[in-house]
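A.B. asks: What follows is a structure written as structure tokens; I'll ask about it next.
Read-outs throughout are calculated quantities, based only on the coordinates presented, and are distinct from any laboratory measurement. If you're wondering where the values come from, they're calculated on a predicted model, not measured in any experiment. So basically every Cβ, Gly included, is an ideal-geometry build from the backbone, and we count neighbours across all protein chains shown.
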Amino acid sequence: MSEALANLLNETRQFPPPAELAANANVTADSYAEAAEDRLGFWARQAERLTWAKQWDEVLDWSHPPFAKWFVGGQLNVAYNCLDRHVEAGRGDRVAIHWEGEPGDTRTLTYADLHRLTCQAANALTELGVEAGDRVAIYLPMIPEAAVAMLACARVGATHSVVFGGFSADALTNRIQDASAKVVITADGGYRRGKPSALKPTVDEAVANCPSVEHVLVVRRTGEEVAWSAKDRWWHETVETAAPEHTAQPFDAEHPLFILYTSGTTARPKGILHTTGGYLTQASWTTHAVFDLKPETDVYWCTADIGWVTGHSYIVYGPLSNGATQVMYEGTPDTPHKGRFWEIVDKYKVSILYTAPTLIRTMMKWGEEIPAGFDLSSLRLLGSVGEPINPEAWMWYRQHVGKGALPIVDTWWQTETGAIMISPLPGVTETKPGSAMTPLPGVVADVVDDQGQSVPNGGGGYLVLREPWPSMLRTIWGDDSRFIETYWSRFEGMYFAGDGAKKDDDGHIWLLGRVDDVMLVSGHNISTTEVESALVSHPSVAEAAVVGATDPTTGQAIVAFAIPRGTTDVTGEAGEKLIAELRNHVARTLGPIAKPRQIMLVPELPKTRSGKIMRRLLRDVAENRSLGDVTTLQDSSVMDLISSGMGGGK
Ligand code: 6R9
């Protein structure tokens with residue numbers, strides 16, 4: 001795909017794991033060999049890390065691809081694995097969640113506390129008529145009740161569908177209707193950017209159009225006034241008064257655990273369905289392996305929202321099944337000040353931090369003096385997820401958060417994959433800034449060309465998965481044919497992830513962004529990620545987004561949007577000079593073919609609510625079109641800022 005650029009972005013820096021971490025790592029290099037020799041045996045051993053009520057008969061049934069069944073005949077309860085077994089083993093007093101509200105209020109929940117609340121919530125759901133197999137929609141802020149609600153559903157075998165609290169009434173309505181949810185769990189609101197942000201009115205609007213909903217359970221968080229209907233029940237009057245005893249009943253390994261909707265760029269949302277045994281096996285093992293989590297001593301913090309898959313797998317199911325102590329934060333990173341994240345790391349002595357490139361680049365823009373003002377000495381491992389991380393952002397993360405020494409795990413995966421697939425192992429892999437490196441043991445990924453042929457080292461193409469994996473999506477809810485068409489039709493017998501990737505000379509994998517975002521310039525495929533990384537490698541640029549705009553001579557031309565770092569002067573002539581310098585910088589770094597036709601200096605970039613850059617909207621700006629659908633934008637005023645521009649020119 002990027003033959004014009006292959007190997008032009010010469011990243012030669014490499015960092016071996018710290019010796020002490022390598023010596024005590026949860027997982028060693030042997031795992032790769034073990035899994036290569038017997039992949040199903042390897043996954044069966046990881047499944048044994050869980051507590052099963054009934055042993056499986058067969059590890060994988062792949063007799064009707066692409067419909068997989070893992071741990072066939074096995075039975076377990078997910079909530080039992082996340083809570084009861086820790087309490088039964090005498091670890092009930094261990095802190096499960098150090099919760100920090102945005103206004104600064106805090107709660108500490110031990111495993112015993114979380115267990116009791118989950119049992120009460122399970123009893124309350126049963127009392128509301130929820131049975132195994134029913135769907136429950138969850139629309140909550142980042143409060144402990146979000147985890148409790150998910151675990152209570154898992155406990156009674158109800159399938160949860162968490163909808164991110166920032167989504168509109170329309171988005172919520174579509175998701176409730178698609179899954180015919182019987183109950184909605186919400187709150188009066190949550191705190192965002194220093195003030196209460198209401199949720200209940202959105203639910204009221206949605207539920208008015210959702211006849212399947214019988215009850216709405218409402219957590220009181222902000223105390224703001226809410227409208228009340230016959231379907232509504234307060235959480236504190238229903239859950240907190242319910243009996244605290246509840247016996248978790250085991251469910252089949254393939255029992256539906258949750259549906260999570262992915263937005264997609266154009267089409268209607270897809271309800272990605274995950275099931276019980278395989279999902280928990282891989283979510284749990286990857287938490288243990290990739291984060292080297294030591295439940296007795298580590299304090300883990302994943303900054304994602306529970307409304308995204310990262311929150312499902314790496315706040316709820318992965319960490320809790322391992323008995324981890326974690327931090328959960330309700331609010332935004334700049335409330336009440338830009339050091340809030342670092343203050344939290346310092347306060348709770350966080351040792352493992354898992355965050356997103358968009359946040360790292362925002363921190364770069366704010367300046368390194370902010371993290372420098374806090375004691376980050378408790379940190380020992382850093383993670384990244386959500387987008388390709390540019391080498392300069394990776395280096396900044398290592399330098400200014402990781403004391404120039406900590407390992408970084410850049411983890412590639414998707415809502416559809418359920419758990420981490422491609423990532424360094426922190427005690428094994430010699431990392432390269434910007435590369436997700438190699439598939440985890442038990443995962444068979446490859447980069448293939450248009451014809452589905454594996455590309456040689458140094459080549460680029462499409463990322464695929466060649467073998468089924470335990471936490472793979474089982475289907476799109478209610479739409480098997482769309483499942484087949486979207487993921488299994490592009491290449492015979494392979495899962496098509498929709499991402500471009502290349503293999504470097506050592507065979508390590510570099511993600512190049514969504515294939516829809518690849519540009520075709522004078523007959524050459526050029527990845528947006530590589531040009532963005534070249535721009536971010538310039539000291540004056542904090543963040544960049546690149547798109548291909550129609551061009552009469554070259555087919556597509558590269559148009560870049562760049563956010564200058566903190567104090568850079570971008571007014572008038574200084575701006576023009578910087579733009580000229582940046583165009584030449586890209587040409588020098590990647591080759592003349594990648595020189596942007598146009599660079600615009602902007603204060604912000606349009607992002608989805610999960611922090612991914614929306615290049616589609618930038619393409620509209622670059623081609624002087626009116627803007628397409630902006631409903632999934634995190635902040636719709638951003639597009640006005642960009643269109644009016646801080647500076648532009650060729
Ligand atoms: C976990 C999550 C999935 C898409 C995926 C890819 C991008 C995620 C990445 C990455 C490069 C990484 N992505 N992690 N790209 N390097 N480490 O984000 O799930 O919201 O479904 O998005 O995100 O493009 O295909 P989801």
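A.B. asks: For the pair Asn624/His64, report the inter-label distance in nm, with labels modelled 7 Å from Cα in the Cβ direction.
C.D. replies: With each label point 7 Å from Cα toward Cβ, the separation is 5.5 nm.
A.B. asks: Through the Karplus equation 6.51 cos²θ - 1.76 cosθ + 1.60, θ set to phi - 60°, convert the phi angles of segment 66-75 into ³J(HN,Hα) values in whole Hz; use x for Gly and Pro.
C.D. replies: x, 9, 9, 10, 10, 6, 4, x, x, 9
A.B. asks: Give me the compactness ratio for segment 308-389, meaning the Cα radius of gyration over 2.2 N^0.38 Å.
C.D. replies: 1.11
A.B. asks: While we're on this one: Quick one: Cys210, Cys82, fewest Cβ neighbours within 10 Å first, how do they rank?
C.D. replies: Listed from fewest to most nearby Cβ atoms, that is Cys210, Cys82.
A.B. asks: Tell me which of Met142, Val464, Leu535 sits at the most positive position along the dipole axis of the chain, charges placed on C-beta atoms (Lys, Arg +1; Asp, Glu -1).
C.D. replies: Leu535
A.B. asks: Say the cut-off is 19 Å between C-alpha atoms; which of Lys349/Lys607; Lys365/Lys607; Lys195/Lys338; Lys200/Lys338; Lys54/Lys182; Lys365/Lys503 go over it?
C.D. replies: Violating the 19 Å limit, Cα to Cα: Lys349/Lys607; Lys200/Lys338; Lys54/Lys182; Lys365/Lys503.
A.B. asks: Return His255, His312, His64 ranked ascending by Cβ neighbour count within 10 Å, so the fewest neighbours appear first.
C.D. replies: Listing His255, His312, His64 from fewest to most nearby Cβ atoms yields His64, His255, His312.
A.B. asks: Let me ask something else. How many nm separate the modelled label positions at Glu34 and Lys349, each set 7 Å beyond the Cα in the direction of the Cβ?
C.D. replies: Modelled inter-label distance: 3.1 nm.
A.B. asks: Moving on. Could you work out how far the C-alpha centroid of segment 356-398 sits from that of segment 485-544, in angstrom?
C.D. replies: About 22 Å separates the Cα centre of segment 356-398 from the one of segment 485-544.
A.B. asks: A further question follows. Give the calculated FRET efficiency between Thr241 and Ala198 to the nearest 0.05, with a Förster radius of 30 Å applied to their Cβ-Cβ distance. Could the numbers behind the result be given before it?
C.D. replies: Values: r = 25 Å, r/R0 = 0.84.
Using R0 = 30 Å, I get an efficiency of 0.75.
A.B. asks: Amide H to amide H under 5 Å from Ala445: which residues, 5+ apart in sequence or cross-chain, H placed 1.01 Å off N in plane?
C.D. replies: Residues meeting the amide H criterion: Arg466.
A.B. asks: Relative contact order (percent) for the chain, with alpha-carbon contacts under 8 angstrom and 6 or more residues of separation?
C.D. replies: 14
A.B. asks: Out of Asn322, Leu641, Gln14, whose Cα points farthest toward the positive end of the dipole of the chain (charges: +1 Lys, Arg; -1 Asp, Glu; placed on Cβ)?
C.D. replies: My answer, from the dipole projection, is Leu641.
A.B. asks: With θ set to phi - 60°, apply the Karplus curve 6.51 cos²θ - 1.76 cosθ + 1.60 along segment 418-432 and write out the HN-Hα couplings as whole Hz, x wherever there is a Gly or Pro.
C.D. replies: Ordered by residue, 3J(HN,Hα) equals x, 8, 4, 10, 10, 5, x, 9, x, x, 10, 7, 8, 7, 10 Hz.
A.B. asks: Here's a follow-up. Using a cut-off of 17 Å between alpha-carbon atoms, which aspartates and glutamates can reach Lys270, once sequence neighbours fewer than 8 places away in the same chain are excluded?
C.D. replies: Cross-link targets: Asp170, Asp178, Glu416, Asp479, Asp480, Glu485.
A.B. asks: Using a Förster radius of 35 Å, what is the FRET efficiency between Asp334 and Gln598 based on their Cβ-Cβ separation? Nearest 0.05, please. Walk me through the numbers on the way to the answer.
C.D. replies: Details: r = 30 Å, r/R0 = 0.87.
Calculated transfer efficiency: 0.70.
A.B. asks: Using a basic spin-label model with each label point 7 Å from the Cα along Cα→Cβ, how many nm lie between Glu485 and Arg107?
C.D. replies: With each label placed 7 Å out from Cα toward Cβ, I get 4.4 nm.
A.B. asks: Tell me what the chain gives for mean residue ellipticity at 222 nm when only DSSP H runs of n ≥ 4 count, each as -39,500 (n - 2.57), the sum divided by the residue total, rounded to 500 deg cm²/dmol.
C.D. replies: Values: 19 runs with 175 residues, N = 650.
Result for the chain: -7500 deg cm²/dmol, rounded to the nearest 500.
A.B. asks: Would you mind getting me the FRET efficiency between Arg588 and Ser637? Use the beta-carbon distance for r and R0 = 35 Å, nearest 0.05.
C.D. replies: 0.50
A.B. asks: Using only the alpha carbon atoms of the chain, find the Kirkwood hydrodynamic radius as the inverse mean reciprocal pair distance, in angstroms to one decimal.
C.D. replies: One decimal place: 25.2 Å for the Kirkwood radius.
A.B. asks: Listing Thr325, Thr415 from the residue with the fewest other Cβ atoms within 10 Å to the one with the most, what is the order?
C.D. replies: Thr415, Thr325
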